[in-house]
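Everything on this sheet refers to the single structure shown next.
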There are 2 protein chains.
Amino acid sequence: MLTRVKSAVANFMGGMMAGGSNGDHPGGSDLPLKYPYSRPEFLGLSPDEIECSADHIARPILILKESKRLPWSTGYAEVINAGKSTLNEDQACCEVLVVKRRPAGISTPNRTPTTRRRSSLPNGEGSGPRDCPESSDNLTFHYWAMFDGHAGSGAAVMAARLLHHHIALHLQEVMEIICNPNLTTPTCLGEEPINHHLTPTTSQRALTRAASLRGAAGAPGSPSTPPTRFFTEKKVSHESLVVGAIENAFKDMDVQIEKEKAVYNVSGGCTALAVVYLLGKLYVGNAGDSRAIIIRAGEVIPMSAEFTPESERQRLQFLAYMQPHLLGNEFTHLEFPRRVQRKEVGKRMLYRDFTMSGWAYKTIEDDDLKFPLIYGEGKKARVLATIGVTRGLGDHNLKVHDSNIYIKPFLSCCPEVKVYPLAQCEHGADDVLVLGTDGLWDVLSNQEVAEAVTCFLANCDPDDQHRYTMAAQDLVMRARGVLKDRGWRISNDRLGSGDDISVYIIPLVYGNQQN
Amino acid sequence: MLTRVKSAVANFMGGMMAGGSNGDHPGGSDLPLKYPYSRPEFLGLSPDEIECSADHIARPILILKESKRLPWSTGYAEVINAGKSTLNEDQACCEVLVVKRRPAGISTPNRTPTTRRRSSLPNGEGSGPRDCPESSDNLTFHYWAMFDGHAGSGAAVMAARLLHHHIALHLQEVMEIICNPNLTTPTCLGEEPINHHLTPTTSQRALTRAASLRGAAGAPGSPSTPPTRFFTEKKVSHESLVVGAIENAFKDMDVQIEKEKAVYNVSGGCTALAVVYLLGKLYVGNAGDSRAIIIRAGEVIPMSAEFTPESERQRLQFLAYMQPHLLGNEFTHLEFPRRVQRKEVGKRMLYRDFTMSGWAYKTIEDDDLKFPLIYGEGKKARVLATIGVTRGLGDHNLKVHDSNIYIKPFLSCCPEVKVYPLAQCEHGADDVLVLGTDGLWDVLSNQEVAEAVTCFLANCDPDDQHRYTMAAQDLVMRARGVLKDRGWRISNDRLGSGDDISVYIIPLVYGNQQN
């Protein structure tokens, strides 16, 4: 009997480890996995525990064990979906990394990771003196990220393993600058400052381009242009370098997924929400529909915006208008309130194009019978009738069903990065950064989350390091709800989320202690 | 002597009426003018007064005469630039229009204007009972607009004469809907509501497109998709129809300028800021760098955002990346903090592309020696080294100096429309909407304007209908300053604006009285 159970478990786990069968890469199953499916490393789960967690009926909430510690006493909890996919397609990663300076004389980027984890991590990092004092040789950053996969877990698993290394590589390139607060960001590396007034640029023709309108010196009819106008130099802040590093790290991660798909089975795609704490500031990079909010003294400060077919409609329609071949002669870049029917050709119907936020009527033509690029409302809105999120990693092979139309050109891997000057603000023990996948935010508003967290933490022992994980568990519970009459129900008899739900609660007071 | 002076004046005016010599259409001077240069019609200036106003040394401030009245007792003042162009390139228009219903049975748009001015306008409109009660036969709207021209006054003059007619035409198309507050906006005109559950759409193939990701019904691995999902119908508000009407009116105005350039001399381009008051709401459409703010109880509510090379950098870079031929092999879509020099090829320099808001280093290649698409900072930022504003009307013939590269593809004629629910808010006599061209906002902040206007109005006789014009005059004076040591100086010895400056001050309390 035991053997039969074990065998069933082994089969189940085998299926899980293969990354699920609903990938976007039908031929991919012949390729080896780059990384097996798992739950976040910091949870420290055994294979048995992972199996038990994947119960779509009971939906047990997984939390960080008391014996495990994350930086800043970060809290974490998660639950699997109610059956929409075999695996929990959310993934998470939390690390403290030390970036080492590149050997001198190497001016091109060294693509070998030179980061290392802080030795005390992921367990037992305290708030005592740091083992790696900040210098231009060692740059420490804290990192929290969550990834919400779709059409397979491969991309989410890979991004959870690697995105922070890409961030570290890009930070490494600028660490000598950003570690020196008095240093002006050099425009060009490895050269003396240029005397702009004495050195002519290469193109004399550009210099004579004085036909500059709108009233500045050089406008037609105004006195002649002083050529120095073309030599002004923009000042770039250290903060902008970190933002640029995170932006380019997302792009590199996406390129790596694409490349490794040639030799590994990396299924699906994922959203990515990554937080970097560096030199007193929090950087929140978001590509997708996860969300980050800061709760400070009970007030909500949004730290991300969601990227969905509705929020990015005009960008996507603009791209389709510019490159109509991407629509494969099957879709139209115009939006209509519903599908157009053949009998309506010649009538006037509401539409909007990429330039419009309002609506107007147009006479329907044959071309308008094509399926709209963006269609549906709210959570049901889709790009090319296929995908409900417009930024993220992976999805390189994703096509419109039964066609050769690729989705990827419409998806962006570029995050929006928001910055919070943590060290400049005072924080109490109940001030936190909450990160959640859409499973949380689909059913709870920012205000509901803020009230729940504030209320929960106020009732905890302030010295209990586990309180943030308990608060995260409470949030997941509130979003999942309880099983009643065959459905998951939350407060006021609303429907609970049937999606995977993952939540970080990061206390901000530890950031203040680091500085 | 008198004869000689008169002759000089005639020559001067002849030059002015020809639209100036700094147009963007060198051949255009052979074509007849569609409309002569003038100042806003509501100022009621004589040719002599127009001549005196064009004094670049004295810069007299023109205001609405006490004998002239604008709707809602709107105040207006303007001043010419300090010499950057011969003519005042700002233009303005203010009207109350009545849209008449199209004859029944005509389902295609009737392109003949069917609007008329309110008989009592522009002089003497009171706040008494209206002569045209609102009905589905007569739709009244109030209209204020300002246009800031460049490279000639032709486009601004034409837009000031015609934009409101385009708005009226588009409103006419939807007036039967928006005049009936209980009517749901029909998706398709002239047909019975469709029973979506019984009528299949034309494309069965699209119906089977159930490969929809991100967890909604129809995702792979989840229960089968109910086909009704594809029949959901978006609800479109009446407000969205007005927004769409204004958006499309701007586009039609731009097309008309382009067409009439073939037969008339229509020089240059212009920004456009247009306000429509209709059925209890203010709609503020902006394409350019003019600005509208509401001042309510001394607090500022921004009603527009500026479109400049800096604010639209990513849109422009994206377009250039998608359609590199628009750069004529002379410009690069990348941004650098300054011009790249040939000796820097191979070195690493700061850059950013359309995906980035931060900065990073890249290895400089030969291609990076091209001039950047966006270059310069603040008021000196330029697109293609030519123009400092990225939305507006006209400019169809504008090219990069000494090249065949057109600017127009990068300029958008589409406004952003913001809505203010005027009738739902209480207003006092000192609550106003301020519209100003960039000449005002370049030197005064929103806060400074709000304080100046609030303070000025508080010291006026509340029954003085001329108070809003006096407040507008005060603002223009504060932005122009006084001539000191050969320069225009404003408070705190800052530089005054040397640009054309135009200001409307529109009291909001009259809007409340109309409802």
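The values are calculated or read from the model by the stated rules, or taken from the named source; none is laboratory data. Keep in mind that this is a model prediction, so the values were computed, not measured. In this analysis, Cβ positions are derived from the backbone assuming ideal geometry, glycine residues included, and neighbour counts consider all displayed protein chains. Note: areas computed on protein heavy atoms with side chains; ligands, DNA, RNA excluded. Shrake-Rupley method; radii C 1.70, N 1.55, O 1.52, S 1.80 Å.
Inside the stretch A:233-270, residues that are buried (at least 24 other Cβ atoms within 10 Å of the Cβ) and outside any helix (DSSP H, G or I) make up a count of 5. Taking the stretch B:347-399 as the range and being at positive phi and open to solvent by less than 10 Å² (accessible area, probe 1.4 Å) as the test, the residues that pass are B:Leu384, B:Ala385, B:Gly392, B:Gly394, B:Asp395.
Is the stretch B:502-514 home to any residue that is touching a Cys at 6+ places or on another chain (Cβ under 9 Å), open to solvent by 20 Å² or more (accessible area, probe 1.4 Å) and modelled with pLDDT under 95? Yes; the residues of the stretch B:502-514 include at least one that is touching a Cys at 6+ places or on another chain (Cβ under 9 Å), open to solvent by 20 Å² or more (accessible area, probe 1.4 Å) and modelled with pLDDT under 95.
Output yes when any residue across the stretch A:211-227 is modelled with pLDDT under 95, outside any loop (DSSP other than H, G, I, E, B) and either within 14 Å of chain B (Cβ to nearest Cβ) or over 29 Å from A:Lys34 (Cα atoms) (or both), and no when none is. The answer is yes, given that some residue of the stretch A:211-227 is modelled with pLDDT under 95, outside any loop (DSSP other than H, G, I, E, B) and either within 14 Å of chain B (Cβ to nearest Cβ) or over 29 Å from A:Lys34 (Cα atoms) (or both). Across the stretch A:463-480, the number of residues qualifying as open to solvent by 10 Å² or more (accessible area, probe 1.4 Å), closer than 19 Å to A:Ser491 by Cβ and out of contact with any Lys or Arg (no Cβ under 8 Å at 6 or more places or on another chain) comes to 5. When B:Ile301, B:Ile295 are checked against the criterion of being open to solvent by less than 10 Å² (accessible area, probe 1.4 Å), assigned to a strand (DSSP E or B), out of contact with any His (no Cβ under 9 Å at 6 or more places or on another chain) and over 26 Å from A:Asn286 (Cβ atoms), a single residue qualifies: B:Ile295.
Considered as a group, the residues in the stretch A:313-331 that are touching a helix residue (DSSP H, G or I) at 6+ places or on another chain (Cβ under 6 Å) and open to solvent by less than 20 Å² (accessible area, probe 1.4 Å) include one that is farthest from A:Lys370 (Cα to Cα), and that residue is A:Leu316. Tallying residues that are within 11 Å of chain B (Cβ to nearest Cβ) and outside any strand (DSSP E or B) within the stretch A:275-292 yields 2. Within the stretch A:145-172, the set of residues being assigned to a helix (DSSP H, G or I) and either modelled with pLDDT under 95 or in contact with a Gly (Cβ under 9 Å, 6 or more places away or on another chain) (or both) comprises A:Gly154, A:Ala155, A:Ala156, A:Val157, A:Met158, A:Ala159, A:Ile167, A:His170.
Which of the residues that make up the stretch A:64-94 are in a loop (DSSP other than H, G, I, E, B) and hydroxyl-bearing (Ser, Thr, Tyr)? Matches in the stretch A:64-94: A:Ser67, A:Thr74, A:Ser85, A:Thr86. Do the conditions hold for B:Ser445, that is, is it hydroxyl-bearing (Ser, Thr, Tyr) and within 14 Å of chain A (Cβ to nearest Cβ)? Here the answer is no, as B:Ser445 does not meet what is asked.
For the stretch B:400-409, a residue qualifies if it is open to solvent by 40 Å² or more (accessible area, probe 1.4 Å) and without any contact (Cβ under 8 Å) to a residue 40 or more places away in the chain, and the qualifying residues are B:His401, B:Asp402.
Across the stretch B:410-419, the qualifying residues are those that are in a strand (DSSP E or B) and more than 9 Å from chain A (Cβ to nearest Cβ), and the one among them that is surrounded by the most Cβ atoms within 10 Å (Cβ to Cβ) is B:Lys418. For the stretch A:254-271, the condition of being closer than 30 Å to A:Leu139 by Cα, modelled with pLDDT of 75 or more, in contact with a Cys (Cβ under 6 Å, 6 or more places away or on another chain) and more than 9 Å from chain B (Cβ to nearest Cβ) holds for at least one residue.
In the stretch B:165-192, the qualifying residues are those that are within 7 Å of chain A (Cβ to nearest Cβ) and free of Cβ contacts under 8 Å to residues at least 12 places away in the same chain, and the one that is surrounded by the most Cβ atoms within 10 Å (Cβ to Cβ) is B:Cys188. Within the stretch B:239-268, residues that are free of Cβ contacts under 8 Å to residues at least 12 places away in the same chain and over 17 Å from B:Val284 (Cβ atoms) reach no partner that is in a loop (DSSP other than H, G, I, E, B) and not aliphatic (A, V, I, L, M) with beta carbons closer than 7 Å at six or more positions or on different chains.
All of (1) more than 10 Å from chain A (Cβ to nearest Cβ); (2) closer than 30 Å to A:Cys188 by Cβ hold for B:Met356 with one exception: (1). May I ask you to list the residues in the stretch B:303-341 that are over 22 Å from the mean Cα position of the chain (by Cα), of a type in the set (Ser, Thr, Tyr) and either more than 11 Å from chain A (Cβ to nearest Cβ) or under 30 Å from B:Trp144 (Cβ atoms) (or both)? Across the stretch B:303-341, the qualifying residue is only B:Thr332.
Taking the criterion of being within 21 Å of A:Gly439 (Cβ to Cβ), more than 10 Å from every other protein chain (Cβ to nearest Cβ) and touching a Pro at 6+ places or on another chain (Cβ under 9 Å), the residues of the stretch A:371-401 that qualify are A:Thr390, A:Arg391. Entry remark, the stretch B:420-462: residues being open to solvent by 10 Å² or more (accessible area, probe 1.4 Å), of a type in the set (Val, Ile, Thr) and assigned to a helix (DSSP H, G or I) number 1 in total.
One line per residue, one yes/no per condition, for (1) in contact with a Pro (Cβ under 8 Å, 6 or more places away or on another chain); (2) within 18 Å of A:Ser53 (Cβ to Cβ):
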residue	(1), (2)
A:Asn459	no, no
A:Asp464	no, no
A:Tyr468	yes, no
A:Gln473	no, yes
A:Gly487	no, no
A:Gly511	no, no
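Scanning the stretch B:39-63 for residues that are part of a helix (DSSP H, G or I) and open to solvent by less than 50 Å² (accessible area, probe 1.4 Å) returns B:Phe42, B:Leu43, B:Ile50, B:Ser53.
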